[in-house]
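Right, one structure below, let's go through it.
Please treat every number below as a calculation from the coordinates, not as lab data. Please read these numbers as outputs of a predicted model, since none were measured by experiment. Note: ideal-geometry Cβ built from the backbone for every residue, glycine included; neighbour counts use all protein chains shown.
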Amino acid sequence: VVLCVDQSGSMASSVIYASIFAAVMASLPVVRTKLVCFDTAIVDLTEELSDPVEVLFGVQLGGGTDINQAVAYCADRIERPTKSHMVLITDLYEGGNGQELLQRLAALVRSGVNVVVLLALTDQGRPGYDPKMAGSVAALGIPVFACTPDLFPDMMAAALRREDIGAWAAGADIKLVRAEAETPE
């Protein structure tokens, strides 16, 4: 499981929750967990996961956002795509190359990686996000939605079992972002 977490200022509570969940998941012997945080730089906190305090101190909020660069970094660390899950936690406001990001996410899905995009991991579950990019990501067949911390363990369990995350979200009364409709030429 790769948790790829946007640490730009708007994502503060999501980073904290994701870091805690990553540390808990890393303690499970049946799951290999990686935690990568990013803004315009990438911080791989995987080696710190045994110490949740170190993980939280390793997070540096602020800065811009280069999601594409972070997804590329995570993709390079996936050894067995058909046995891998990547949870990208971001508001999808891409400061890097948006077209490359979409191509990279599509390649991950084609290779068998189970990709989920959480627009927020917050108590409110009502994120501010880039609706155009979210629709484009959803069009790749990737579930895109916000999740509250109390639902995250259930979502991860469903993802690890490779259940239909869209159906899981509907059952949890979570609204998924719809695929961006193509405009006729």
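Summary of computed values
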item: Boolean, residue 125 is in contact with a Gly (Cβ under 8 Å, 6 or more places away or on another chain) and either crowded, with 18+ Cβ neighbours inside 10 Å or not in a helix (DSSP H, G or I) (or both); result: no
item: Selection within region 129-185 - aromatic (Phe, Trp, Tyr) and assigned to a helix (DSSP H, G or I); result: 152, 168
item: Residues being loosely packed, with under 14 Cβ neighbours inside 10 Å and not in a loop (DSSP other than H, G, I, E, B) - total across region 63-80; result: 1
